[in-house]
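Engineer: First, the structure itself, so that you have it in front of you.
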Amino acid sequence: MQNTTDQYQEIRDAVRALCAEFPDEYHRKVDEQRGYPEAFVDALTKAGWMAALIPPEYGGSGLSMAEASVIMEEINRGGGNSGACHGQMYVMNAIVRSGTTEQKEKYLPRIASGELRIQSMGVTEPTTGSDTTQLKTMAVKKDGRWVINGQKVWISRIQHSDMMILLARTTPLAEVKKRSEGLSCFLVDLKTAMGNGMTVRPILNMVNHETNELFFDNLEIPEENLLGPEGKGFKTLLDGLNAERTLIAAECIGDGYWFIDRARKYAGERRVFGRPIGQNQGVQFPIADAYIEVEAANLMRWKACELIDAHKPCGAEANMAKYLAAKASWEAANVCLQTHGGFGFACEYDIERKFRETRLYQVAPISTNMIFSYVAEHVLGLPRSF
Ligand SMILES: Cc1cc2nc3c(=O)[nH]c(=O)nc-3n(C[C@H](O)[C@H](O)[C@H](O)COP(=O)(O)OP(=O)(O)OC[C@H]3O[C@@H](n4cnc5c(N)ncnc54)[C@H](O)[C@@H]3O)c2cc1C
């Protein structure tokens, strides 16, 4: 399989060169130790790649979504896992889109330089899950501060982030006309919050993904840390989610090509019954099938990027790109594992690691059924199902 050549070749070459300094062994070791790829994320930050979407006036490179997505694709295509750092690229989007001038000036240049990591977004709660508007964490204004009480679950990269964007209810559900109203976004300084109203409990999970339960017990944050209009936090958040979904679609595309490349190479080299296993249709057809699926999903990824870059509505395309790419990368992962037989299970082949990593994207940040219901309701005009 040829390496992609397109109008983004310069970005691809530069990111590939950086990723090549962090070979499989590096990512494998981080995974084994359940560590954080600090040196890798540092190198990406220093090279400016994490600041791709920050406007130049705030120290970023102001790249397009298409260009930013190439960075993420290449990280995963090179054997890495963007999940360790993708938050740094898109969480700040909410500040770019909804922040006040003071907030932009205060945070964006420091995020762009890497001095400040804002990699966490606190939305999911244990008792309400995908039903976001029912979330129970409350923020109440008191003496010029916001006082927060409640609980979150699966909040990623808290221990490798300085700031988090938190979604909390500011008007009780019973007092709003629409359930998506009365929610607000807040900027939380994690270092100050830890031990001062916020408790963090790490969740050991299938992937080496640093994620946590958070408990808020009268956490106080400054009044000016409200992000976007009070009561409109759902919209503040949603505006940035299409970028998140599109970037994750690109990561899955990167994974998909990585799996297909490994499967193709192994199928050509491994000889059983006196011939390469890839000579058997039972081995080569599933690889071809997976490749076709990745290529098709990639078209939707580019369509979503194009719409975002043209500032056009892109909710359906961003969701569909994420759905198709997550499905294609998972199918490619499965085929790659099968092609390798028993060796696919050996950690030193890296397939089982990437297999676990790519599986996540059918569940987080939005599960497949939620995408189906979005398309059913908003694209096909079917009745709302929940
Ligand atoms: C490793 C990891 C990292 C994460 N990082 C973050 C993070 O940083 N920040 C954050 O806020 N969240 C994070 N999440 C949470 C993630 O977004 C949620 O797990 C996901 O949105 C699904 O919510 P849930 O787990 O509560 O599942 P549930 O909402 O309980 O759903 C369980 C299953 O039922 C299905 N389902 C539920 N209701 C319906 C319905 N009405 N119709 C059809 N199907 C339905 C769902 O699609 C899903 O398959 C992370 C999760 C994981 C595993």
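Engineer: Test residue 57 against the stated conditions and say whether it is open to solvent by 10 Å² or more (accessible area, probe 1.4 Å), of a type in the set (Asp, Glu) and without any contact (Cβ under 8 Å) to a residue 40 or more places away in the chain.
Structural biologist: Details: open to solvent by 10 Å² or more (accessible area, probe 1.4 Å): yes; of a type in the set (Asp, Glu): yes; without any contact (Cβ under 8 Å) to a residue 40 or more places away in the chain: yes.
Yes, satisfied.
Engineer: Write out, first by first residue and then by second, each pair whose Cβ atoms fall under 6 Å of each other, whose residues are 6+ apart or on separate chains, and whose first residue, in the range 201-213, is modelled with pLDDT of 95 or more while the second is more than 8 Å from the ligand (Cβ to nearest atom) and of a type in the set (Asp, Glu).
Structural biologist: Every condition considered, the pairs that remain are 201/213; 207/357; 208/31.
Engineer: If I go through the range 266-279 residue by residue, how many of them are assigned to a helix (DSSP H, G or I) and surrounded by 15 or more Cβ atoms within 10 Å (Cβ to Cβ)?
Structural biologist: 4
Residue-wise test of (1) open to solvent by 40 Å² or more (accessible area, probe 1.4 Å); (2) under 23 Å from residue 98 (Cα atoms); (3) not in a strand (DSSP E or B).
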{"position": "125", "(1), (2), (3)": "no, no, yes"}
{"position": "139", "(1), (2), (3)": "no, yes, no"}
{"position": "146", "(1), (2), (3)": "no, yes, no"}
{"position": "149", "(1), (2), (3)": "yes, no, no"}
{"position": "167", "(1), (2), (3)": "no, yes, no"}
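Engineer: Follow-up question, since we're still on this one. Where in the range 9-122 are there helices (runs of 4 or more DSSP H), lying fully within it, with 2 or more residues that are in contact with a strand residue (DSSP E or B) (Cβ under 8 Å, 6 or more places away or on another chain)?
Structural biologist: In the range 9-122, 86-90, 93-98, 101-113 are the helices (runs of 4 or more DSSP H) which contain 2 or more residues that are in contact with a strand residue (DSSP E or B) (Cβ under 8 Å, 6 or more places away or on another chain).
Engineer: OK, next. If I ask for residues that are outside any loop (DSSP other than H, G, I, E, B) and near the ligand (Cβ under 10 Å from one of its atoms), which ones from the range 127-137 would you list?
Structural biologist: Looking only at the range 127-137, we keep the residues that are outside any loop (DSSP other than H, G, I, E, B), and these are 132-134.
Residue satisfying the conditions is 132 alone.
Engineer: Looking at 110, 117, which one is away from the ligand (no atom under 16 Å from the Cβ), basic (Lys, Arg) and either closer than 30 Å to residue 256 by Cα or buried (at least 16 other Cβ atoms within 10 Å of the Cβ) (or both)?
Structural biologist: 110
Engineer: For the range 151-162, give me each residue that is open to solvent by 10 Å² or more (accessible area, probe 1.4 Å) and either away from the ligand (no atom under 13 Å from the Cβ) or aliphatic (A, V, I, L, M) (or both). Write out each step before concluding.
Structural biologist: Step one: filter the range 151-162 for residues open to solvent by 10 Å² or more (accessible area, probe 1.4 Å), giving 151, 153-154, 156-157, 159-160, 162.
153, 162, listed by residue number.
Engineer: Related question: Given (1) polar (S, T, N, Q); (2) under 21 Å from residue 244 (Cα atoms); (3) open to solvent by 30 Å² or more (accessible area, probe 1.4 Å), identify the lone condition not met by residue 33.
Structural biologist: Checking residue 33 against (1) polar (S, T, N, Q); (2) under 21 Å from residue 244 (Cα atoms); (3) open to solvent by 30 Å² or more (accessible area, probe 1.4 Å), the one that fails is (2).
Engineer: Next question. Show me the strands (runs of 3 or more DSSP E) entirely contained within the range 170-239 in which 2 or more residues are open to solvent by 40 Å² or more (accessible area, probe 1.4 Å) and within 15 Å of the ligand (Cβ to nearest atom).
Structural biologist: Because the criterion is at least 2 residues that are open to solvent by 40 Å² or more (accessible area, probe 1.4 Å) and within 15 Å of the ligand (Cβ to nearest atom), the strands (runs of 3 or more DSSP E) in the range 170-239 that meet it are 198-202.
The values are calculated or read from the model by the stated rules, or taken from the named source; none is laboratory data. These numbers were taken from a predicted model, which means no experiment stands behind them. Ideal geometry is used to build each Cβ from the backbone, glycine not excepted, and the neighbour counts take in all protein chains shown. With ligands, DNA and RNA removed, areas are computed over all heavy atoms of the protein, side chains included. Shrake-Rupley method; radii C 1.70, N 1.55, O 1.52, S 1.80 Å.
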